[in-house]
Amino acid sequence: MTDESHGNRKRRSTRSAGKDGGTEGVAAVQWTQDQAVAYESARDCIAHLISHYSDLIEEGRRRGLDQMWLDEYERQITRLAAERQHL
């Protein structure tokens, strides 16, 4: 059974899954694997954003972009890096 309301493939809660004849462990493993894939995907996405902001900063410096914008891009990189560390 999938949890369609949250858009993920989480199996039934382990409390009810145990009544199905020992599927509790299978459900927990599947959910853990799905979660690991989602976290890795999020980390990859954040790494891509950091790279993109870094490229924007380099291009901005070459073109003489206002320092205010360069500072904002650097703040975004710092924020994204911190979020990536928490995943």
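Bear in mind these aren't lab numbers, they're just calculated from the coordinates by the rules spelled out. The structure presented is a predicted model; accordingly, all values stated were derived computationally and were not measured. Virtual Cβ from ideal backbone geometry, glycine too; neighbours counted across all protein chains shown.
Per-structure values
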quantity: Two-site label geometry, Ala36 and Arg79: point separation in nm, points 7 Å out along Cα→Cβ; calculated: 3.2
quantity: Projected label distance in nm at His86 and Cys45, using a 7 Å step from Cα toward the beta-carbon; calculated: 1.5
quantity: Relative exposure of Leu65, Leu80, judged by other C-beta atoms within 10 Å (fewest first); calculated: Leu65, Leu80
quantity: Residue-wise HN-Hα coupling along the stretch 64-72, computed from phi with Karplus coefficients 6.51, -1.76, 1.60 (Hz; x: Gly, Pro); calculated: x, 4, 3, 4, 4, 6, 4, 4, 5
quantity: Segment Leu70-Ser54, extension gain: residue separation times 0.36 nm, minus the distance between their alpha carbons; calculated: 4.8 nm
